[in-house]
Amino acid sequence: MLKYLKKYWFFCVAAALFMVGEVSMDLYQPDLMADIVDNGVLKGDINLIISVGVRMIISVILGGICGIMCGVFANLAAQRFGNDVRKDLFGKIMSLSFEETDKISTGSLVTRLTNDVTQVQNTVMMSVRGFVRNTVMFVGGIFMLYRQSPRFALIAACGLPFIIIAVVFFLKKTSPLFAIVQRKLDGINNVMQEDVKGARVVKAYVKEEYELDRFDKANGELCDINLRVHTLLAFMGPCMNIVLNICIVTVILVGGFTFREGGDMTPGRIMAAITYLAQILHGVTFMANIFQTFTRARASADRINEVLRSEAVILDGVCGELPERLGEVEFRDVSFSYAGAPGNRVLDNVSFRVHRGETFAIIGATGSGKSSLVNLIPRFYDALEGEVLVDGVNVKDYPLTELRARIAIVLQKAELYQRPIADNIRWGRGDADPWEIKSAAEIAQADDFICNTEYGYNTLVTEDGHSLSGGQKQRISIARAVIKKCNIMIFDDSTSALDLHTEAELYRTLGERMGDITKIIIAQRIASIKGADRIAVLNNGRIEAVGSHSELMESSELYRDIYNSQLKEGGDINDGE
Ligand SMILES: Nc1ncnc2c1ncn2[C@@H]1O[C@H](COP(=O)(O)OP(=O)(O)OP(=O)(O)O)[C@@H](O)[C@H]1O
Ligand SMILES: [Mg+2]
């Protein structure tokens, strides 16, 4: 974290210097007060009262100006520091591969980006101001106290160890709890995210009570741990106050006694000593608070660093000369399992080759590994064994941007952004003009429904695409992929919400207008892929058979089973034409 602060060292130093100015003025005040009482009030010297009073006002004004300037510079350092950390953290989260994001929940990433960064940022602000203020207050206070009387300084020295013991004791007790507080906050954020996003499912299943209970539980856990922390901390203040007041009473006793005995003591000096003592001990209390915030910030900084330091699993490859963009895909003995479940072989020795311009379909039961298979092509994950090749080169050898520029993938779950439909389609290629957007929508069979909406292509898509039907969302996602201008298009079950006629029309237009592009289509319905050049049948991560529809009807029992089951279910096996 310090490297982020280094950049703003000037602001930190300026804030610290102004703070020294402010505290010096604070320390000067009791001395002036003692002078007014002893030499002005007690001796009835009005001129002295006026001249020292003016000095007091000037020192207050100077102290105030220093305080404002310190606040400005400390704020500049803290805000810019927080801004930089947040920016880098967000950039890192964006660059994480699927494997890494699988490990840290979305709720936790959000807490780290918001609450944790704010925690560290506030600590920077507090340290720049508070650390300097209280250190100077402490050292200066002892010096000034010593000037009033060495005996007073001795009293403070006797009280200090008790305060330090109390601070260390309470900080030791509370510091391990701060990491737990942040984890509990993650828990709440996770529940909130799931429930706010899935509000419709919650209502549909009348699960409000259940989800409220879940939220209550997470909220209760956070509340409990916060209560523990704050109850412990609540003891700290009174303990310190007891020591402070014992010291004050002792100062009055010793001062009063010396004064009565005619020793070197005056009421004004006793008053000043009490103020210095309070300043010293408050300085220590504040330091304790700073250390407490530090411990809390350390827990947050560790969580931020965990993300910032996470090594990218999917790195850019190096290949001398990039191959020509042909649109060929090959799997050579590919096996794969997810890092979270290494024992479960999701793909087992998969080999096949897709030729340029070919329409290659993949069919298989749910969970058979279809999405996992296509996710290896743009390197959302890396194969465990074997090789995945695009245009004859291992995908691991491509710079990621170059590899992904060759591929347009329509994911199984259509994700749209809260912006106009046209912008959602343009997301595929930033420089696309309105005609290209319309043409892509036409291929995706989306133009008709878009034109029928009140604002056409300017219609705003609401959050998560809730303003659109499932099929409409899928078609906009397809248009977004079509506009990308690439050589390989992958459709991961992305026409499942379309009726057979619209689906057939989509693939027909795609074939007509983008015939030279290689298409890999995953589908659940045989009717969707009957017309493909070749179909691969996937069963539990293994390729059972590859061939055209008619070939598979003859050679593959599994394919025939799927066909017959869909026929029995009353599915339209003819492709809607
Ligand atoms: N991120 C993940 N972490 C761990 N296991 C996963 C992950 N994603 C999928 N799996 C597991 O991998 C297997 C294959 O999943 P995959 O999504 O590839 O199946 P699919 O054929 O696409 O299924 P569907 O037709 O339902 O989309 C499943 O057993 C699934 O539980
Ligand atoms: Mg899938």
Going fewest to most other Cβ atoms within 10 Å around each Cβ, Lys396, Lys197 line up as Lys197, Lys396
With Gly541 itself left out, Lys, Arg at +1 and Asp, Glu at -1 over residues whose Cβ is under 9 Å from its Cβ give +1
The alpha-carbon center of the range 113-172 and that of the range 235-309 are separated, in whole Å, by 7 Å
Scalar couplings 3J(HN,Hα) for the range 83-98 by Karplus 6.51 cos²θ - 1.76 cosθ + 1.60 (θ = phi - 60°), nearest whole Hz, x for Gly and Pro, are 4, 5, 4, 4, 5, 5, 5, 5, x, 5, 4, 5, 8, 5, 7, 4
In degrees, nearest 10, the alpha-carbon axis of helix 150-197 is tilted away from the dominant principal axis of the alpha carbons of the chain by 20 degrees
Here the alpha-carbon Rg of the chain over 2.2 N^0.38 Å rounds to 1.45
Listed by chain and number, the lysines with an alpha carbon less than 24 angstrom from that of Lys519, same-chain partners under 8 positions apart left out, are Lys370, Lys396, Lys413, Lys438, Lys473, Lys484, Lys485, Lys530
In degrees, nearest 10, the alpha-carbon axis of helix 132-148 is tilted away from the dominant principal axis of the alpha carbons of the chain by 10 degrees
Listed by chain and number, the residues whose amide H is under 5 Å from that of Val410, excluding neighbours fewer than 5 places away on the same chain and using placed H, are Ile490, Phe491, Asp492
Packing-ranked peptide list from 1-14, 290-303, highest mean Cβ count within 10 angstrom first, is 290-303, 1-14
CD proxy, 222 nm, the chain: helix-only mean residue ellipticity via -39,500 (n - 2.57) per DSSP H run with n ≥ 4, per residue, nearest 500, stands at -20500 deg cm²/dmol
Summed over the other residues with a beta carbon less than 11 angstrom from that of Lys197, with K and R at +1 and D and E at -1, the charge totals -3
Rounded to two decimals, the Rg over Rh value of the range 33-176 from Cα coordinates and the Kirkwood Rh reads 1.20
Sorted on mean Cβ neighbours within 10 Å (highest first), peptides 220-227, 495-502 come out as 495-502, 220-227
Bridge orientation stat for the chain from DSSP, antiparallel percent rounded to 5, came to 50 percent
Straight-line reach check, Lys43, cutoff 18 Å on alpha carbons, 8 or more apart in-chain or any other chain, hits among aspartates and glutamates -> Asp31, Asp35, Asp264
If one compares the long axis through the Cα atoms of helix 208-260 with the longest principal axis of the Cα atoms of the chain, the angle in degrees, nearest 10, works out at 20 degrees
Per the charge dipole of the chain (beta-carbon charges, Lys/Arg positive, Asp/Glu negative, Cα centre), the residue among Gln193, Ile443, Asn122 reaching farthest to the positive end is Asn122
For Lys3, counting only lysines whose alpha-carbon sits under 23 Å away and dropping same-chain residues fewer than eight positions off, the answer is Lys87, Lys92
Under Stokes-Einstein, the range 412-485 at 37 °C and 0.692 mPa s, with its Kirkwood radius over C-alpha pairs, diffuses with a coefficient in µm²/s of 282 µm²/s
Under the Karplus relation with 6.51, -1.76 and 1.60 and θ = phi - 60°, whole-Hz ³J(HN,Hα) for the range 21-33, x at Gly and Pro, equal x, 5, 5, 4, 5, 4, 6, 6, 4, x, 4, 5, 4
The alpha-carbon pair-distance distribution computed for the range 237-367, with 5 angstrom bins and whole-percent values, is 2, 7, 8, 9, 8, 7, 6, 5, 4, 4, 4, 4, 4, 4, 5, 5, 4, 4, 3, 2, 1, 0
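Throughout, read-outs are computed from the coordinates displayed, never taken from laboratory work. Predicted, not measured: the structure shown is a model, and the values here were computed from it. So basically every Cβ, Gly included, is an ideal-geometry build from the backbone, and we count neighbours across all protein chains shown.
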